[in-house]
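Asks: One structure, as structure tokens, below. Some questions next.
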Amino acid sequence: MLLRDSGKMTMETSSPSQPQRLLWCYCYHHCPEESANNSCRTDGYCFTMVEEDDRGVPVFTSGCLGLVGSQFQCRDTGGSLQRRALLCCTDMDYCNRDLQPSLPPQHSAGYVDSSVHYTALFISISFCTAILVFLTILCYFWYKRQESQSRYSFGLESDDMYIHPGESLKDLIEQSQSSGSGSGLPLLRTIAKQIQMVTQIGKGRYGEVWMGRWRGERVAVKVFFTMEEASWFRETEIYQTVLMRHENILGFIAADIKGTGSWTQLYLITDYHESGSLYDYLRSTTLDGRAMLRLAYSSISGLCHLHTEIFGTQGKPAIAHRDLKSKNILVKRNGTCCIADLGLAVKFISDTNEVDIPPNTRVGTKRYMAPEVLDESLNRVHFQSYIMADMYSFGLILWEITRKCISGGIVEEFQLPYYDLVPTDPSYEDMREMVCMQRRRPPFPNRWSSDECLRQMGKLMSECWAHSPASRLTALRVKKTLAKMSESQDIKL
């Protein structure tokens with residue numbers, strides 16, 4: 001007789017009658033103390049059983065069931081929730097040696113694999129963690145946005161923040177300068193609401209520039225694209241640096257954020273200069289020696305002020321521009337220059353000896369990049385590296401200015417540096433090949449050698465764009481050299 005138990009709590013034999021003879025059975029893990037050679041004897045049944053232990057590993061057990069002279073039922077007596085299978089036999093001695101019970105399927109009725117619970121728990125925890133991280137990041141960016149708006153969105157309605165009729169923009173600027181801060185104008189925090197946009201005068205990768213009117217006076221309004229918020233934030237921060245105001249740095253008036261839930265506009269409001277950028281000015285103007293030196297001297301004066309750290313209770317950190325080019329220098333009505341576009345500027349924190357690098361992803365203009373920037377050898381933790389990269393770019397600007405200075409009745413047409421060596425929109429590879437590998441620099445026209453002023457300008461720019469940063473002139477040295485050149489020609493700057 002063969003009986004099989006597939007995991008139910010009871011499984012009786014089909015007949016109540018019991019065998020009359022004693023059986024020898026093979027035993028394993030279920031041998032009586034007096035057994036020998038893995039054998040036991042019973043008046044009942046031989047059995048073999050398989051069940052899972054706590055780790056899910058199948059364990060086999062064999063032995064005898066029943067006692068001599070007793071009635072016997074072949075049943076599962078384990079009372080365990082683990083899966084098990086039991087086979088019994090009475091055919092012959094050791095009949096259970098060949099029995100091979102198998103465990104029931106995991107998905108049988110009434111059974112749930114514990115691993116399913118663990119998997120479900122793991123998925124639930126992972127999903128909840130992801131939701132929590134997402135909400136945390138969302139709250140962080142919302143907080144930073146609110147913080148930036150509270151710091152720079154000047155939509156206040158109080159009387160002390162509003163510009164009243166009869167107040168002059170010029171008077172307020174002079175008042176700000178006389179206060180000693182030399183930075184932004186706290187009284188102009190609602191000027192954006194009063195400005196009338198008139199004409200778009202420029203457009204670039206960061207946004208648009210408009211000429212606007214405020215009570216009859218013209219101002220420049222730089223409107224940043226929404227994705228350029230970091231550049232707007234950085235430029236506003238730099239302009240509001242204490243003691244930043246200088247006649248050769250573009251005059252900052254105010255900054256503002258305007259928008260609703262669906263759109264946002266970032267405004268940077270500055271002085272307006274009708275002559276436009278140095279790039280535009282040189283394309284349409286021929287210079288004499290006086291005008292050339294005035295443009296060069298005023299430009300380096302602004303850069304020198306940026307590069308110089310001013311110590312004191314209200315000191316100014318040293319600042320490097322990082323995107324110097326003729327398009328980022330504006331020409332005033334009196335023929336002098338002022339430096340603009342400070343969205344990539346870096347500050348040097350002397351107290352901690354650290355470089356405050358802006359978080360935005362914009363980079364400088366490839367055509368004006370120094371060799372160490374192009375080949376990525378610039379030491380990013382050493383502030384002087386950024387200063388010397390600025391001086392390389394300034395050397396190229398001097399070349400642009402000097403080409404437009406007439407001598408002997410001859411003047412060259414305006415061109416950008418490397419115009420004859422690289423494409424109109426050069427790649428990093430184009431510039432790296434020319435500047436780093438071949439070490440080429442813009443050429444000097446032959447006429448410069450016969451004019452002492454132009455010859456000195458050529459020598460000056462060569463020392464600015466030297467391949468080794470350590471060999472380049474500082475902004476202060478260039479400023480002093482240009483001042484001496486002007487004195488020798490009796491030119492008042």
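Asks: Enter the per residue convex hull volume of the stretch 349-438, computed from alpha-carbon coordinates, in Å³ rounded to the nearest integer.
Replies: Hull volume normalised by residue count: 124 Å³.
Asks: According to a simple spin-label model (label point 7 Å from Cα along Cα-to-Cβ), what is the distance in nm between residue 463 and residue 226?
Replies: Reported label-point gap for residue 226 and residue 463 is 5.1 nm.
Asks: Please give the contour-minus-distance gain from residue 97 to residue 357: 0.36 nm per residue of separation, less the Cα-Cα distance, rounded to one decimal in nm.
Replies: Extra length available between residue 97 and residue 357 comes to 85.6 nm.
Asks: Filter 459/479; 222/327; 222/404; 222/325 down to the pairs with a C-alpha to C-alpha distance above 24 Å, please.
Replies: Violating the 24 Å Cα-Cα cut-off are 222/404.
Asks: What accessible area per residue, rounded to a whole number of Å², is obtained for the stretch 258-402 using a probe radius of 1.4 Å?
Replies: In whole numbers, the stretch 258-402 has 39 Å² accessible per residue.
Asks: Full-extension gain between residue 194 and residue 440, please, as 0.36 nm times their residue separation minus the C-alpha to C-alpha distance.
Replies: 83.5 nm
Asks: Also, I was wondering about something else. Go through 447-457, 420-430, 233-243 and give me the packing order, highest mean Cβ count within 10 Å leading.
Replies: Order by mean packing, descending: 233-243, 447-457, 420-430.
Asks: Could you report the stretch 434-479's accessible area per residue, 1.4 Å probe, as an integer in Å²?
Replies: Per residue, the stretch 434-479 has 52 Å² of solvent-accessible surface.
Asks: A follow-up question, please. For the stretch 212-317, with all protein chains present and a 1.4 Å probe, just round the carbon and sulfur fraction of the accessible area to a whole percent.
Replies: Summing carbon and sulfur atoms, their accessible area is 47 percent of the total for the stretch 212-317.
Asks: So, one more: When the accessible area of the stretch 338-493 is computed with all protein chains present and a 1.4 Å probe, what percentage of it is carbon and sulfur?
Replies: 49
Asks: While we're here: Quick check: from the Cα gyration tensor, does the stretch 237-288 come out rounded (a/c under 1.5), prolate or oblate?
Replies: oblate
Asks: Would you mind getting me the FRET efficiency between residue 215 and residue 476? Use the beta-carbon distance for r and R0 = 51 Å, nearest 0.05.
Replies: Taking R0 as 51 Å, the efficiency between residue 215 and residue 476 is 0.80.
The values are calculated or read from the model by the stated rules, or taken from the named source; none is laboratory data. What you see is a predicted model, and the numbers here were worked out from it, not measured in a lab. Note: ideal-geometry Cβ built from the backbone for every residue, glycine included; neighbour counts use all protein chains shown. Remember, those area values only see protein heavy atoms, side chains included, never the ligands or the DNA or RNA. Shrake-Rupley method; radii C 1.70, N 1.55, O 1.52, S 1.80 Å.
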